[in-house]
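Presented below is the structure to which this report refers.
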Amino acid sequence: ASTIYTACLYADLKVTERAPHMFTVTYVQLGMDATIYWGNLDYKFVNSTDHPLRIDASVSGGYVHIKLMGTTPKDKSYDHIVLHNEVIATRQPKTVIDGTETEITDAGNGVEKKTDDEGNTTYTLKKEETSTDENGNTVNLVVDKQGNKYVKGEMVNYAYTGKTVKAYRDYVDANGKVLKTELLHTDTYDHRDTSYKCTPYVEPEIPEEPDEPDPTDPTDPTDPW
């Protein structure tokens, strides 16, 4: 759908139904995508030229190819079309526990400040904190805003940055002069937080050391006789 939509924009065809994806995509420019969802969302365009139009579609080398074959209108005043966009707002994702709104950070990550005896200050990036669980296995720890520690498990969702994007189409002549700029639409893509499966971290119990023997005790029992 995105590939056909982009081809329609270049061909200056009339689009009657189009919806953006929920999250940003990488295979076309932002604002130039189209999504479909059976029974709810569709993509539709019409042949707004005066001649028949043929759609050639193929797949090769991991790419979808769409070619629209038609007749150039006699009253065409431009040479070609340039598509571009403008990101007008962003919303950064967070790292959360298991899809909830409990925000977490890698334990120990950050900058550590040190000052030596001569007053020189250095800043060192801390590494992710690791520890061992009750079975002696090495685990990565994360903490929430309240300082509670968790064992960092596998990733559930990876992040999307939310963006609001204006999509434009320029009509350009053979000399590269922009004759007209058209605002196609303004799209808002949702953000999604990175989430991990995390379990509360239990400090391993340290075994108690046995009591030291009393050196005054006799090494041999006293003969009761």
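So Gly119 ticks every box in (1) assigned to a strand (DSSP E or B); (2) modelled with pLDDT under 80 but one. Which box is left unticked? In the conditions (1) assigned to a strand (DSSP E or B); (2) modelled with pLDDT under 80, Gly119 misses (1) alone. Quick check, is Gly61 over 25 Å from Asp193 (Cβ atoms), without any contact (Cβ under 8 Å) to a residue 24 or more places away in the chain and of a type in the set (Gly, Ala, Ser)? Against the criterion (over 25 Å from Asp193 (Cβ atoms), without any contact (Cβ under 8 Å) to a residue 24 or more places away in the chain and of a type in the set (Gly, Ala, Ser)), Gly61 qualifies.
Of all the criteria given as (1) open to solvent by 60 Å² or more (accessible area, probe 1.4 Å); (2) part of a loop (DSSP other than H, G, I, E, B), the one not satisfied by Tyr10 is (2). Restricting the first member to region 76-99 and to residues that are free of Cβ contacts under 8 Å to residues at least 60 places away in the same chain, and the second to residues that are surrounded by 15 or more Cβ atoms within 10 Å (Cβ to Cβ), the beta-carbon pairs closer than 9 Å and six or more apart or on different chains are Lys76/Asp12. Residues in region 197-213 that are outside any strand (DSSP E or B) and within 30 Å of Lys94 (Cα to Cα) were compared, and the one that is most open to solvent (accessible area, probe 1.4 Å) is Glu203. Of the residues making up region 45-61, those that are surrounded by 11 or more Cβ atoms within 10 Å (Cβ to Cβ) and assigned to a strand (DSSP E or B) are Phe45, Val46, Ile55, Ala57. Among the residues making up region 164-196, those that are aliphatic (A, V, I, L, M), crowded, with 16+ Cβ neighbours inside 10 Å and over 30 Å from Ile104 (Cα atoms) are Ala167, Val172, Leu184. Applying the selection to region 31-42, what residues are in contact with a strand residue (DSSP E or B) (Cβ under 6 Å, 6 or more places away or on another chain) and open to solvent by 30 Å² or more (accessible area, probe 1.4 Å)? Within region 31-42, Asp42 is the sole residue that qualifies. Evaluation of Ile4 against the conditions (1) modelled with pLDDT of 95 or more; (2) more than 23 Å from Lys166 (Cβ to Cβ); (3) of a type in the set (A, V, I, L, M) shows that the sole unmet condition is (2). If the condition is being in contact with an Asp or Glu (Cβ under 8 Å, 6 or more places away or on another chain) and assigned to a loop (DSSP other than H, G, I, E, B), then region 78-98 contributes Tyr78, Asp79, Pro93, Lys94. What residue, among those in region 63-111 that are open to solvent by 70 Å² or more (accessible area, probe 1.4 Å) and acidic (Asp, Glu), is modelled with the lowest pLDDT? By that ranking, first place goes to Glu101.
The listed residues are Gly31, Gly39, and the only one of them that is assigned to a loop (DSSP other than H, G, I, E, B) and over 24 Å from the mean Cα position of the chain (by Cα) turns out to be Gly39.
Quickly run through region 140-163 and pick out the residues that are outside any strand (DSSP E or B) and surrounded by 15 or more Cβ atoms within 10 Å (Cβ to Cβ).
Of everything in region 140-163, those that are outside any strand (DSSP E or B) and surrounded by 15 or more Cβ atoms within 10 Å (Cβ to Cβ) turn out to be Ala159, Thr161.
All of Val25, Val15 fail the test of being in contact with a helix residue (DSSP H, G or I) (Cβ under 9 Å, 6 or more places away or on another chain) and within 21 Å of Ala89 (Cβ to Cβ), apart from Val25. The residue that is surrounded by the fewest Cβ atoms within 10 Å (Cβ to Cβ), among those in region 13-30 that are of a type in the set (Ser, Thr, Tyr) and at pLDDT below 95, is Thr26.
The values are calculated or read from the model by the stated rules, or taken from the named source; none is laboratory data. Source: prediction; values computed, not measured. For neighbour counting, all protein chains shown are included, and Cβ atoms are generated from backbone atoms with ideal geometry for every residue, glycine included. Each accessible area value is taken on the protein alone, full model and side chains, heavy atoms only, with ligands, DNA and RNA left out. Shrake-Rupley method; radii C 1.70, N 1.55, O 1.52, S 1.80 Å.
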